[in-house]
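The values are calculated or read from the model by the stated rules, or taken from the named source; none is laboratory data. Bear in mind that the values here come from a model prediction, so they are computed numbers and not experimental data. Note that we place each Cβ from the backbone using ideal geometry, even for glycine, and neighbour counts take in every protein chain shown.
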Amino acid sequence: MPLWFKSAYLAFVAVLVPAYTVEHGLVNFLWLSNVALLGGLLAAWFESPRLASMLLVAVLLPELAWILDFLASLVLLGRSLFGVVEYMYNPEIALFVRLLSLYHLLLPFVLLWLVWRLGYDRGAWKLWIPIGLSILLLSFLLSSPERNVNWVWGPGGEPQEWMSPQAWLIAVMLFCSALWWVTQMLLGHVLRRVAGPVPPRMR
């Protein structure tokens with residue numbers, strides 16, 4: 001991986017981490033997107049195809065949804081289609097911190113580029129599943145319904161009241177597991193078609 005890329009990535013994270021910590025607290029780093037951002041830095045510096053593949057599977061589709069929601073909000077004058085980017089228009093959050101959150105626009109493409117350069121580990125999703133589910137459980141235990149990290153208390157910014165919190169958490173875990181499985185299937189299919197014959201580390 002180019003040194004300039006690693007250095008720029010490191011510099012950005014060095015700015016984001018203290019800013020996010022002051023504004024949101026440490027629990028905010030349990031968001032899967034933040035996990036992928038920090039993990040992507042490690043994947044780049046250690047040039048780990050397995051770690052890059054795990055993180056790509058974890059956040060590719062949700063990050064694309066974030067991008068779609070944000071672009072739509074620009075057209076709709078701040079209205080969020082999915083409730084994903086409402087915080088980007090919250091004046092109670094420092095503008096600088098909200099600008100840092102624009103990393104979502106690049107994250108899926110950075111991870112795709114890492115996987116393109118390093119190779120796609122098709123077995124990485126199996127390693128990610130227990131890690132991802134553990135992060136969801138920690139989000140439930142350490143966050144609050146008001147913070148609603150990873151939407152483990154309900155969709156969007158509000159806690160749900162349709163079922164017990166524990167049942168909702170199980171539903172979120174099942175949904176995410178299915179989403180990760182679908183993502184790895186799509187990635188395997190697309191990368192095989194783009195790259196041609198599958199190299200050993202992609203089998």
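Inside region 158-185, can you point out the residues that are over 16 Å from the mean Cα position of the chain (by Cα), surrounded by 12 or more Cβ atoms within 10 Å (Cβ to Cβ) and of a type in the set (G, A, S)?
A171
Just checking, which of V57, V35, V13, V17 is modelled with pLDDT of 95 or more, part of a helix (DSSP H, G or I), closer than 20 Å to G156 by Cα and β-branched (V, I, T)?
After ruling out the rest, the residue left standing is V35.
Kindly list the number of the only condition in (1) surrounded by 14 or more Cβ atoms within 10 Å (Cβ to Cβ); (2) assigned to a helix (DSSP H, G or I) that fails for L81.
Just one mismatch for L81, condition (2).
Among all residue pairs at least 6 apart or on different chains, which show Cβ distances below 6 Å where the first residue, located in region 21-46, is among the acidic types (D, E) and the second is in a helix (DSSP H, G or I) and at pLDDT below 95?
Going by the 6 Å Cβ cut-off, there are no qualifying pairs.
Which residues, counting only those in region 135-167, are within 19 Å of F82 (Cβ to Cβ) and hydroxyl-bearing (S, T, Y)?
S139
Which residue, of L64, L51, is within 23 Å of G123 (Cα to Cα) and out of contact with any Leu (no Cβ under 7 Å at 6 or more places or on another chain)?
L64
Does any residue of region 96-109 turn out to be within 25 Å of A178 (Cβ to Cβ) and surrounded by fewer than 20 Cβ atoms within 10 Å (Cβ to Cβ)?
Yes; the residues of region 96-109 include at least one that is within 25 Å of A178 (Cβ to Cβ) and surrounded by fewer than 20 Cβ atoms within 10 Å (Cβ to Cβ).
In region 16-25, which residue that is hydrophobic (A, V, I, L, M, F, W, C) and surrounded by 12 or more Cβ atoms within 10 Å (Cβ to Cβ) is farthest from A43 (Cα to Cα)?
A19
In contact (Cβ under 8 Å) with a residue 24 or more places away in the chain and of a type in the set (K, R), is that true of R117?
Criteria met by R117.
Tell me which residues, restricted to region 112-157, are surrounded by fewer than 15 Cβ atoms within 10 Å (Cβ to Cβ) and at positive phi.
The one that is surrounded by fewer than 15 Cβ atoms within 10 Å (Cβ to Cβ) and at positive phi: G156.
Taking R122 as meeting all but one of (1) among the basic types (K, R); (2) within 22 Å of V172 (Cβ to Cβ); (3) in contact with a Lys or Arg (Cβ under 8 Å, 6 or more places away or on another chain), write down the number of the exception.
(2)
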